[in-house]
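The structure appears below as structure tokens.
The values are calculated or read from the model by the stated rules, or taken from the named source; none is laboratory data. Predicted, not measured: the structure shown is a model, and the values here were computed from it. Cβ atoms come from the backbone with ideal geometry, glycine included; neighbour counts cover every protein chain shown. Accessible surface is based on the protein model in full, side chains and every heavy atom, while ligands, DNA and RNA are left aside. Shrake-Rupley method; radii C 1.70, N 1.55, O 1.52, S 1.80 Å.
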Amino acid sequence: MKPGYHDIYTRYRDNITRGVLKPGDKVPAIRVLAEELKVARKTVETAYAILTGEGYLVSQGARGTRVNPDLSLPAVKPPADEQVTGTLPASLISQRERAGYLRPGIPALDGFPYKKWLLLAGQATRSMRQEEMLNPPVLGWYPLRQAIARYLNISRGLSCSAEQVLITSGYSGSLRLILDTLASRSDKVVFEDPGYFMGQQLLKRIVPRLHTVPVDRAGFDTDYLLRNHHDARFAIVTPSHQSPLAVTLSLPRKQQLLDWATQNEAWIVEDDYDGEFHYTRKVLPSLKSLDRHDRVIFMGTFSKTIMPSLRLGYVVMPASTVEAFTDCADITTSGQPVLTQKILTRFLDEGHFFRHLKKMRALYQRRRDWMIAALREVYGDLFFTEQNDGGMHIVAFLTKGSRDREVAQCWQQQELQVNALSEWYRGSGKRYGLVMGYNNVRTYQEALDLLERPKRQTLALLS
Ligand SMILES: Cc1ncc(COP(=O)(O)O)c(C=O)c1O
């Protein structure tokens, strides 16, 4: 049923009093709103006349009609949670979105070349052609696929073509598409234990036969895989810096894993989420670079190298699967925004990406050293760390006990968004500690100050 003048009046009044429409906000012209609601102009005119008469709206001639800028309404009291965050109630903000420090995996926000990015964004916007405003290509904007193939072939030792690169929205987009394309519901999938928390949650929802394989100091335990899950069809692994333990998969195990996949026609999904950040050796070969039989599906993300809100990642499809991926993507995805892909392409093609990575490697190494030193300074030997190649987070293991959940909770209360390591485990053999980011700690002093915040409670829990 078409709204009458009274319906329009109450919609506006309610939205203004609830603060959805704010003083000074423009409202649509009478003609436009009448067309939108498919009502006579007179109907809208009457509603606006009443709202103006009651002081909710003011007409500003050629500048249109607005919510009265002088309107002062009794402040609507937000629920308690909302006052804390200023936006959404905390209960509606997922753990990943909560503000705070030391969150694992967030790149240094003060190190990003924003000015350059904005300049490229302007250029990319001006270069948008009409045909690029139609539906985006489901496999990704071709020049970006080319730029990523070039980058991976140079930096990660791959030898892929642009046709094998598929652009996604990041981890879950990539993983879903891989499984949608290649897995059947009866396929056994193995994941690391401990393993990426969000990955576990996602896989538990979508994979009926999910199993785990333990991780030790040499990475994913391939002997265990061969003994217990020889028949798996997919192994999802983080070989460069295991998530969360940050260990690197040893070369013999890499070979063993590749041999297993080749002999069993299984797929290895290599999640190279932070392989760019290595500090101890010059280059860390990706598993894919050793894959002679095209059994590895490589996936990466720009969340760690650029920013998580970009929401762009990629999959390198084995040559034999390109057609299957294309068919599946055509039905199950709608592509990524072309404009963002264009900006990123320029960033890669003009060499800014390489420069940025080089700068970030040096910066992260420094910040990691500060964090480890500050941990020692503030907590002595209550925690210890293990020397790893790199990555975007460290694990502060508890020297004694298993109370990492309580410790993590008390750090979170001080806005330190660390995770309890034991929560990332599924089976036995749990280790205990805190998974923490360090990339945004700008000075050694800042590291000390942050770690001092929960000191009293932490000592009480651990001593
Ligand atoms: C193990 C692992 N894989 C992948 C990702 C990347 O996720 P996304 O591309 O969705 O940001 C992350 C981010 O934290 C991660 O920790």
Do any residues in region 168-189 that are part of a loop (DSSP other than H, G, I, E, B) have Cβ atoms under 7 Å from those of residues that are hydroxyl-bearing (Ser, Thr, Tyr) and modelled with pLDDT of 95 or more, where the two are at least six apart or on different chains, and which pairs are they? Gly170/Thr301; Gly170/Ser303
Looking at (1) surrounded by fewer than 11 Cβ atoms within 10 Å (Cβ to Cβ); (2) at pLDDT 90 or above, which is the only condition Gly86 fails? (2)
The lone exception for Pro244 - which of (1) more than 16 Å from Phe298 (Cα to Cα); (2) more than 10 Å from the ligand (Cβ to nearest atom) it fails: (2)
Taking region 26-38 and keeping only residues that are in a loop (DSSP other than H, G, I, E, B) and either closer than 21 Å to Val67 by Cβ or touching a helix residue (DSSP H, G or I) at 6+ places or on another chain (Cβ under 8 Å) (or both), one is left with Pro28, Ala29
Only one of Ile268, Ile206 that is of a type in the set (A, V, I, L, M, F, W, C), within 16 Å of the ligand (Cβ to nearest atom) and under 22 Å from His293 (Cβ atoms): Ile268
I'd like to know if region 439-454 contains one or more residues that are touching a residue at least 40 places away in the same chain (Cβ under 8 Å), assigned to a helix (DSSP H, G or I) and touching a Ser or Thr at 6+ places or on another chain (Cβ under 8 Å). no
All but one of (1) in contact with a Ser or Thr (Cβ under 9 Å, 6 or more places away or on another chain); (2) within 16 Å of the ligand (Cβ to nearest atom) hold for Arg253; state the number of the condition that does not hold. (2)
Lone unmet requirement of (1) at pLDDT 95 or above; (2) open to solvent by less than 20 Å² (accessible area, probe 1.4 Å); (3) of a type in the set (A, V, I, L, M); (4) more than 13 Å from the ligand (Cβ to nearest atom) for Leu182: (2)
